[in-house]
1. Checking the condition free of Cβ contacts under 8 Å to residues at least 12 places away in the same chain, out of contact with any His (no Cβ under 8 Å at 6 or more places or on another chain) and among the aliphatic types (A, V, I, L, M), which residue from A87, A111, A132 passes?
2. Restricting attention to the range 63-81, which residues are more than 19 Å from A110 (Cα to Cα), of a type outside the set (G, A, S) and either at pLDDT below 50 or within 13 Å of the chain's Cα centre (by Cα) (or both)?
3. Only one residue in G119, G137 is open to solvent by less than 20 Å² (accessible area, probe 1.4 Å), in contact with an Asp or Glu (Cβ under 7 Å, 6 or more places away or on another chain) and either small (G, A, S) or in contact (Cβ under 8 Å) with a residue 40 or more places away in the chain (or both), so which one is that?
4. Give the range 140-185 a look and list any residue that's of a type in the set (F, W, Y) and open to solvent by less than 10 Å² (accessible area, probe 1.4 Å), or say none.
5. Would you please list the contacts, defined by Cβ atoms under 6 Å and residues six or more apart or on different chains, that run from a residue in the range 180-191 that is in contact (Cβ under 8 Å) with a residue 60 or more places away in the chain and farther than 16 Å from A77 by Cα to a residue that is of a type in the set (A, V, I, L, M, F, W, C) and open to solvent by 10 Å² or more (accessible area, probe 1.4 Å)?
6. Scan T188, T124 and give me the residue that is hydroxyl-bearing (S, T, Y) and open to solvent by 30 Å² or more (accessible area, probe 1.4 Å).
7. For the condition over 17 Å from A138 (Cα atoms), modelled with pLDDT under 95, open to solvent by 60 Å² or more (accessible area, probe 1.4 Å) and of a type in the set (A, V, I, L, M), what is the one hit in V55, V85?
Amino acid sequence: MPKKKKRRKSRPAAGYAAPKSPADLIERKRAAAPAAARATTPVSAPAAGAQSLGVARHLDRLVGGDKQRARIEDLVARMVNDVRVKAGLSALDTDERLRRSARGHSADMAARDYFAHEGPDGSTPLERMQSAGYADGAAENIARGQEQPESVVRAWLNSPGHRRNIFNPDFRTIGVGVHLGDGGPWWTQHFGY
């Protein structure tokens, strides 16, 4: 008899029916969450037509997967900008160099099986941003395992250090990188001056 694979808690049960829309997914999660969890910092719903990451997790193996990954990353950046603007701060500009450095760090954490701001080789977030051509890097947020863009933004907002980065009034740019795969997703958010 073949060994059963361990199921991660964040994966849906076998009887799970896919939501009809991103708004349906958010409403299901909201209804299923305990009252204390619903009282956390609100995050905007994804734009109409956005696919859930649960579906997108396998699209990186398909033609157009990179475009889908960029849509997911852009959605996270828009959500961060939404909460910044609501707090009276300016929106951040997306910078492709920061996206490239964030993607690289997410992929590196997945490939080398670690989860840290400092790489096993001693590389730092600022060095990674500089290597991608962005000379004025500022900060990094990382996360692992959140299946939805809304979940990762909520996790960062509920963490004092990550929240401080998101609401830093001196930051001007952002780049989000996600690596989709088993054991993940791995998320990295790079900020610049």
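The values are calculated or read from the model by the stated rules, or taken from the named source; none is laboratory data. Remember, it's a predicted structure, so these values are computed and weren't measured experimentally. Ideal geometry is used to build each Cβ from the backbone, glycine not excepted, and the neighbour counts take in all protein chains shown. For accessibility, only protein heavy atoms count, side chains too; no ligands or nucleic acids. Shrake-Rupley method; radii C 1.70, N 1.55, O 1.52, S 1.80 Å.
1. It is A111.
2. Within the range 63-81, V63, R71, D74, L75, V76, R78, M79, V80 meet the criteria.
3. Values: G137 fails: in contact with an Asp or Glu (Cβ under 7 Å, 6 or more places away or on another chain).
After ruling out the rest, the residue left standing is G119.
4. Of everything in the range 140-185, those that are of a type in the set (F, W, Y) and open to solvent by less than 10 Å² (accessible area, probe 1.4 Å) turn out to be W156, F171.
5. Note: pairs meeting the criteria are G181/A110; G184/A110.
6. None of the others qualify; the one that does is T124.
7. Working: V85 fails: modelled with pLDDT under 95.
Checking each option against the conditions leaves just V55.
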